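Bear in mind these aren't lab numbers, they're just calculated from the coordinates by the rules spelled out. Just so you know, these numbers come straight off a predicted model, no measurement behind them. As a convention, Cβ positions derive from the backbone with ideal geometry for all residues, glycine included, and neighbour counts pool all protein chains shown.
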């Protein structure tokens, strides 16, 4: 049964009236609702399946971080569809494919993806929602329908929820809305999440802030195993051995197997980390900083070097290498790709990400790793009084 209270509020509480063209009420007895401009798909058109959508996603999107984000948003939107008695499969497609073209065409997002989806015959309600989710920076298409508003309201907030999971011991298992709301107010936390877009999403949804956050958390929790944000996942990152009886994994693939650290063939994805890509990026950073740079800039470089040398050490266990790879993988991302590829983490959080990874793998960081990093710092910057802190 749909949540009638949620449905009524979402349909009535449309506070962004200055964004909308006035339209006739929807003829379903819900007063105060502005009818969506989206045209329903033709009934004789074959509905794309989720499997086909996942295949399309994997064709266009390579980054595991962006894939996780898209799966998380899909889960949140599907949860709203269940609450409101809407078509979960149709709504899920909008969440799953909303950032389809971001990785390949960030400057033309979402127009390229929208055009491709129309070519493939995706429902117009789905395409319109995807086009409207980039309002106002990437499109002038205003979010108007229920699906438009739900997708918009879930997108950035999902990134914030994901970031909150990664800094908590139990991950998403006991995550509460008040924790997310508090972190939203902290400007230094997850700067890659655009607070103005999150607030616009609250206004579009029309629910109480805590209610909307709760709904998104519940939606993301349905795919927590695939996103690796449960308490057992956090325990692995800390090097602890989780209780097999409490892992909560059923072994099902559900189309998310490629996101896990070890694939079905037993290949450790961390082993494929590219040293060359890291050195290229860190040298570019050093070039930008230059000799005589401030202490904070050197601290970022120093911590990255220590983690890099720890990663190279054959004694470092796989779980620690995966943690380091995640931190360094984020570190080398271009600044303009961070917000959507790694929702919840901003480029200015370099030092926070590296420091957190260092703390997690601390027992495996050897004095020789630090010394090699210091030697490299001296080679690049020379001697100085503003040496990075331990």
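Fewest neighbouring Cβ atoms within 10 Å first, the residues 66, 97, 307 line up as 66, 307, 97.
Here 158, 318, 139 are placed in order of increasing Cβ neighbour count within 10 Å, fewest first, which gives 318, 139, 158. In this label model, residue 89 and residue 104 are separated by 2.5 nm, measuring between points 7 Å along each Cα→Cβ vector. Would region 72-127 count as rounded, prolate or oblate if I go by the C-alpha gyration tensor, calling it rounded below 1.5 in a/c and otherwise prolate when a/b exceeds b/c, oblate otherwise? Here region 72-127 falls in the oblate category.
Cβ-to-Cβ counts within 10 Å put 362, 157 in ascending order as 362, 157, the fewest first. Distance between the pseudo-spin-label points of residue 368 and residue 199 (7 Å out from Cα toward the beta carbon): 5.3 nm.
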